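Below: one structure, written as structure tokens.
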Amino acid sequence: MAGARRVKNVNVWDNAKKRYVSLNPRGRYRVVGNDYTLLKHGDGHVFADAKIINKNVCVYLQALETYVRKNLKGVVGEQYAKPQGRIRLR
């Protein structure tokens, strides 16, 4: 990649270590995304050369709805009422 990076200080979950570790820019990762990012190469073509394992992707609204329905049992609780500090923009 040429030029300055837009995203910095990225951590990924390491299942073996059971904790977050720094992303290796040369590492290989499996990612989950939506049709815009993965199939239409939106937001800078970050995944243009990636191997798509499953083209059965969804749009943002579908992903959010499924998460709320399946993981939160249809209730968005107080844990989401305030910012959690996991994503920081400068």
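What follows draws every value from the coordinates through simple rules; no lab data is involved. As the structure is a prediction and not an experimental result, all values here were calculated from the model. A quick note on method: Cβ atoms are made from the backbone with ideal geometry, for glycine too, and the neighbour counts reach across all protein chains shown.
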- Task: Counting helices only, and only those DSSP H runs with n ≥ 4, report the 222 nm mean residue ellipticity of the chain as the sum of -39,500 (n - 2.57) divided by its residues, in deg cm²/dmol to the nearest 500.
- Result: -3500 deg cm²/dmol
- Query: For region 11-80, what relative contact order do you get, as a whole percent, if you take Cα pairs closer than 8 Å and at least 6 residues apart?
  - Reply: 18
- Task: Select one label from (1) 5.6; (2) 7.5; (3) 8.1: the one whose number is mean projected area of the Cα convex hull in nm² as derived from the coordinates shown.
- Result: (3)
- Stretch A50-L64 to full length: gain in nm at 0.36 nm per residue minus the Cα-Cα span? 2.7 nm
- Note on the structure: Per the 1/(1 + (r/R0)^6) rule, R0 = 30 Å and r from the Cβ atoms of Q84 and R5, FRET efficiency to 0.05 is 0.80
- Query: Toward the positive end of the charge dipole of region 11-80, about the Cα centre and with charges on Cβ (Lys, Arg +1; Asp, Glu -1), which of N15, N56, V76 goes farthest?
  - Reply: N15
- Entries of K40/K73; K17/K40; K8/K70; K18/K73; K8/K40; K8/K82 with Cα pairs more than 29 Å apart: K40/K73; K17/K40; K8/K70
